[in-house]
Amino acid sequence: MPEAVGYGQNQAFQPSLATPRADKVAEQVKAMNARQSEAVAETVQRQAKFSSNRTENLSRQAEQLEKRAETRKPEDGLGNRVDIFV
């Protein structure tokens with residue numbers, strides 16, 4: 001019954017084949033993590049750029065509204081065009 005416990009040429013575990021496979025799997029995991037990190041970095045960069053553009057746009061709109069409010073005279077309101085009697 002020595003064959004059942006791994007004596008001779010037919011061993012159940014061959015460490016020389018298992019080690020390179022584990023290394024290959026580890027390399028694949030590293031590559032996958034690197035791709036995922038790169039994708040996340042690109043997404044964050046796009047979101048930051050979008051936020052920056054949105055901020056600039058809102059700032060321009062606020063400036064335009066301020067200029068309109070400054071150039072509008074108080075007599076331009078409805079009070080001079082419509083008489084309201086109670």
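FYI, it's all coordinate maths here, none of it is from the lab. All values reported here derive from a predicted model rather than from experimental measurement. Positions of Cβ are backbone-derived with ideal geometry, glycine not excepted, and every protein chain shown enters the neighbour counts.
Things worth noting here:
- Sum of side-chain charges, Thr43 neighbourhood, beta-carbon under 14 Å (Lys, Arg +1; Asp, Glu -1): +1
- Residue order, fewest to most beta carbons within 10 Å, for Glu56, Glu70: Glu70, Glu56
- Between Thr55 and Ala31, the modelled label-to-label distance comes to 3.9 nm, taking each label 7 Å out from Cα in the direction of the beta carbon.
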